[in-house]
Amino acid sequence: MLRSCAARLRTLGASRGGARGPGAARRSFASEEVVDKDCALPNPSWSKDLRLLFDQFMKKCEEGSWKRLPSYKRSSTQNFKDFRTHYVDPKLLKEEQMSEAQLFTRSFEDGLGFEYVMFCNDAEKRVVCFFQGGPRLQGVPGFTHGGAIASIIDATVGTCAFRAGGVVMTANLNINYKRPIPLCSVVVIDGQLDRVEGRKFFVSCSVRSVSEETLYSEATSLFIALDPNKKLT
Ligand SMILES: CCCCCCCCCCCCCCCC(=O)SCCNC(=O)CCNC(=O)[C@H](O)C(C)(C)COP(=O)(O)OP(=O)(O)OC[C@H]1O[C@@H](n2cnc3c(N)ncnc32)[C@H](O)[C@@H]1OP(=O)(O)O
């Protein structure tokens, strides 16, 4: 698996054309035109497994029950700007650093870090994430780092909570690591909103192999919807 992963990355290097694939979002950022591509679309580093899962769920999207969630390196939506002004003390924001701010899980070159796509089913209160962890996410040799697994779990269960409760933050994340995840393999993270108590959103998830035969990890989490009358800092 590692060899084919390296091979894909070599072809990726050759195809570095930076093509503006579908789903590119044009917007001005820090006074320059930056094309923020939708990273939740296939690129040459995606394995056959990841593309197959993507195609399967895109068909479900056509049936209407599931929706693919676009994903960008930077969130420029107005609500993100409102988030910063509303919840963060401007004194703490160093504008020059903020212009470099990117979503952590979208901060690696194609194929090297987090390759993933999420689909949501709001009726079932579920978010499914297909994740291929690249060679820069290595923990023990040949396996994915536990912190990288926690990050993609956090993003998946966080998105599940976000869909139900709006702007949320992680208050608690408990992960049981049952089996190590081979580096560059594809896993299926299935997030489920379990219950809501006021501003508390309880979400759990499993991390399984594509064949569903191997349970790699299980997690429970608590997200808190932010109180509009409270600053975060
Ligand atoms: C912006 C939009 C852009 C668009 C984008 C689109 C896509 C978007 C996807 C998002 C995906 C996010 C995925 C990344 C999410 C992170 O990674 S966030 C980063 C890590 N988390 C943090 O840094 C949070 C740090 N903690 C805090 O800021 C504060 O503790 C919190 C979480 C905001 C809560 O503070 P608070 O609002 O003052 O609430 P508080 O009164 O303390 O507690 C409320 C209730 O929760 C309970 N509680 C709080 N903490 C705990 C705990 N750890 N354990 C148990 N109970 C707890 C309290 O006991 C209380 O319970 P009740 O008394 O009401 O029964």
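Here are the numbers for the structure shown:
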| item | result |
| --- | --- |
| Protection proxy ranking of 160-168, 221-229 - average other beta-carbon atoms within 10 Å, highest first | 160-168, 221-229 |
| Using alpha carbons only: equivalent-ellipsoid semi-axes of region 156-199, gyration tensor based, whole Å | 25, 12, 9 |
| Those lysines that a straight Cα-Cα span of less than 19 Å connects to K91, excepting residues fewer than 8 apart in one chain | K81, K230, K231 |
| Region 84-233 shape via C-alpha gyration tensor axes, a/c threshold 1.5 | oblate |
| If the convex hull is drawn through the Cα atoms of region 104-154, its volume per residue in Å³ | 77 |
| Where labels lie 7 Å past Cα in the beta-carbon direction, separation of K94 and E63 in nm | 5.1 |
| Reach of K73 by Cα under 14 Å, taken over aspartates and glutamates that are not fewer than 8 positions away in the same chain | D36, D38, E100, E109, D110, E115 |
| Rounded, prolate or oblate (a/c below 1.5 giving rounded, otherwise prolate when a/b exceeds b/c) for region 106-190 by Cα gyration tensor | prolate |
| Interchain or long-range residues, amide H under 5 Å from T144's placed H | G139, I181, L183 |
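Laboratory data are not the source of any read-out in this text; all were calculated from the coordinates shown. Model, not experiment: these values are computed from the prediction. Don't worry about glycine lacking a Cβ; one is built from the backbone with ideal geometry, like all the others, and counts go over all protein chains shown.
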